[in-house]
1. I'd like to compare 199-208, 26-35, 156-165: which one has the highest average count of other Cβ atoms within 10 Å, and what's the full order after that?
2. Taking 0.36 nm per intervening residue step and subtracting the Cα-Cα distance, what contour gain separates T145 from W47 on full extension?
3. Using a 1.4 Å probe over the heavy atoms of the protein chains, calculate the carbon and sulfur portion of the accessible area of the chain as a whole percent.
4. Using Cα centres only, tell me the gap between segment 73-120 and segment 183-232 in whole Å.
5. Show which lysines lie in cross-link reach of K234 when reach means a straight Cα distance below 19 angstrom and same-chain residues fewer than eight apart are skipped.
6. List the relative contact order of segment 22-167 as a percent without decimals, with contacts defined as Cα pairs under 8 Å and 6+ residues apart.
7. I'd like the Karplus ³J(HN,Hα) series for segment 167-174: coefficients 6.51, -1.76, 1.60, θ = phi - 60°, whole numbers in Hz, and an x wherever there's a Gly or Pro.
8. In square angstrom, what is the accessible area per residue of the chain with a 1.4 angstrom probe?
Amino acid sequence: ALPLRRNVQSQVAFAGGEMSQSFDHQVAAAETDFRAKLDEGPKRLRWSTVPVQIGDKAPNIELDVASGGRTSIATFWAERPLVIMFWRHFGCGCGMDRAQRLSTERPAYAEVGANVVIVGQGEPARAVEYARKYEIVEPILCDPTYSAYEAYGVLEGTRAQLVFDAPDEYLRGEESAWLGLIESRRGAGRPLVDNPWQLPAEFVIDTTGVIRLAYRYQYCDDFPDHRVLLSAVKEAQWVVG
C-alpha cells in the first residue's frame, strides 16, 4: 500500500481548476502511509553527512505550491529574509499549536520584513484544506517525497521525542493503543496521515540564500521563541545590508 501515497502527487492533475484525483482518496492514501511508516519505525534518526547549518547556502528545492503552480524556495528569499517552517504532519496536534502561535507572531514577522513559508508533507489539495481549517495564510510548499526535509537535514524522531506526553502503551508501540488513536482521530476529523516520525524544523535565510538560523526540534512541540527568529531576521538584514 505504501507506493500509493508516493504516487498520488504524480496522479494529481489540474484541469479547469478541478483535480482529477479525489481529495478523499488522497487522505485515505496518506492514512495508509501513516500506518505503514508507523509499523516500519523511524529511519532517519542520524545524519549520514554534516547537515546544512548557519553560514551555509540554503538548498534551493523546487516544490508544488498548495495554491497552484510550482516554484523554488529561493523565490521567497530573493527580496526579503525568509522564515521557513518545516511542519510535522497534518494530523499532528503540534501543528495545530504551531498554527495558533503563528497567528499571534504573524504581525511581528511582517514588521521586520520577513517572508514566512511552510513546508508540509501533504499534496496541494490537502494542504489547501489544512490551511483553510487552521487559518494559515502563509504559502505552503508541498513535499510528499521529503526532498526538502532531507536537504535541510530535518530528521525523524523516536517515540520518546514524539509521544513523551502520552500513556506508556504508545511509548511501547502497542498496536491496540495506536489503532484506537487512529480511529478516534479519524472520527474527530483529524485523521493521522503522512509520516508519524517526522520532526519539525525552522530556518532563517537571508536574501543571498545563506542560512542565518537553523533550529531543528528535539521533540514534537519544541517550539522556538519567536524572538530568536525575529532577531535572526534582523541580523540577516544588517549583515547583508
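The values are calculated or read from the model by the stated rules, or taken from the named source; none is laboratory data. Note that the structure is a prediction, hence the values are computed from the model and not measured. Cβ coordinates were reconstructed from backbone atoms using ideal geometry, including for glycine residues, and neighbour counts include every protein chain displayed. Just the protein is used for accessible areas: all its heavy atoms, side chains included, with ligands, DNA and RNA removed. Shrake-Rupley method; radii C 1.70, N 1.55, O 1.52, S 1.80 Å.
1. Details: 199-208: 22.9, 26-35: 21.2, 156-165: 17.0.
Most protected by this proxy first, the peptides run 199-208, 26-35, 156-165.
2. Numbers: separation 98, 0.36 × 98 = 35.28 nm, distance 1.78 nm.
Length gained, T145 through W47: 33.5 nm.
3. Details: 5770 of 11220 Å².
Roughly 51 percent, rounded to a whole number.
4. Using only Cα atoms to place each centre, the spacing works out to 9 Å.
5. K57
6. On the way: 168 pairs, mean separation 45.3, N = 146.
The value is 31 percent.
7. Taking θ as phi minus 60°, the curve returns x, 4, 5, 6, 5, 7, x, 5 Hz for segment 167-174.
8. 47
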